[in-house]
Amino acid sequence: MLNPKSSILILALCLPFTAQAGAQREEQLSASVRAMLHRAVSDQAAPKLAFASQQEAQAWLDEMSRRLEKRMPDANYRFDFLSTVHYEATRAGLDPHMVLGLIEVESRFKKYAVSKVGARGYMQVMPFWTKAIGTRDQNLFHLRTNLRYGCTILRHYLDIEKGNLYRALGRYNGSLGKPQYPNLVKSAWQKHWQSPFSTPRQEG
């Protein structure tokens, strides 16, 4: 028979990870913005890495995989995750390394992370977004769906803030004007996810 402490531990392991991040705030979108964001999350092109050569792409994957190994032990899934992060970030015109820093802060790389306000997955996307710009049957715990939405939303906020990443990150976290969240993302980005290689080409 399990003792009470063991039972509590097993229960804790079975429950979804609760993220401590904030949340995007639902805002009224114009018809044109809604249509643009809908197109952005609907495209289903296959992920691809945008580097000068296959060797450079492999070197990037190998290095980032090494850094992520303790958090994500499965090598095949880790490579799939990193390839998808790189593709979705680059597609949205974002730095993949910054996005990795954001994911570290938002969910600590927990696929099934759920915040106190219901934000879901790696990039802690609020469920109202699927209704606003996608379809209700889209699963925000799905790797590519979550990263597609997260990168699209951050790009949207970056456009609203005319390229000001600090303010865009504040919007993403629902803490616009407060320094804590942007500073946490910047710190994680610079401490753990700076690329030692040349900057990859940005492709649409």
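Of the residues making up the range 61-107, those that are assigned to a helix (DSSP H, G or I), within 18 Å of the chain's Cα centre (by Cα) and over 15 Å from L147 (Cα atoms) are L61, M64, S65, R67, L68. Residues in the range 108-143 that are outside any loop (DSSP other than H, G, I, E, B) and hydrophobic (A, V, I, L, M, F, W, C) were compared, and the one that is modelled with the lowest pLDDT is I133.
Scoring V185 on the criteria (1) in a helix (DSSP H, G or I); (2) free of Cβ contacts under 8 Å to residues at least 60 places away in the same chain; (3) within 28 Å of A57 (Cα to Cα) leaves a single failure, condition (2). Could you identify the single residue in R148, R167, R136 that is surrounded by 15 or more Cβ atoms within 10 Å (Cβ to Cβ) and more than 19 Å from D80 (Cβ to Cβ)? Matching residue, one of R148, R167, R136: R167. Pairing each residue of the range 64-86 that is free of Cβ contacts under 8 Å to residues at least 24 places away in the same chain and on the phi < 0 side of the Ramachandran plot with any residue that is part of a helix (DSSP H, G or I) and of a type in the set (K, R), provided the two are 6+ apart or on different chains, yields C-beta distances under 8 Å for S65/R78; E69/R78. Just one of the numbered conditions (1) without any contact (Cβ under 8 Å) to a residue 40 or more places away in the chain; (2) assigned to a loop (DSSP other than H, G, I, E, B) is not true of Q194: (1). Can we say M126 is in contact (Cβ under 8 Å) with a residue 60 or more places away in the chain, within 26 Å of F197 (Cα to Cα) and either out of contact with any Asp or Glu (no Cβ under 7 Å at 6 or more places or on another chain) or crowded, with 17+ Cβ neighbours inside 10 Å (or both)? Judged against the criteria, M126 is not a match. All told, S107 falls short of being among the hydroxyl-bearing types (S, T, Y), farther than 24 Å from Q190 by Cα, touching a strand residue (DSSP E or B) at 6+ places or on another chain (Cβ under 8 Å) and touching a residue at least 24 places away in the same chain (Cβ under 8 Å).
The values are calculated or read from the model by the stated rules, or taken from the named source; none is laboratory data. Everything numeric here is computed off the predicted structure, so don't read it as measured data. Here the Cβ is made from the backbone with ideal geometry for all residues, glycine too, and neighbour counts use every protein chain on show.
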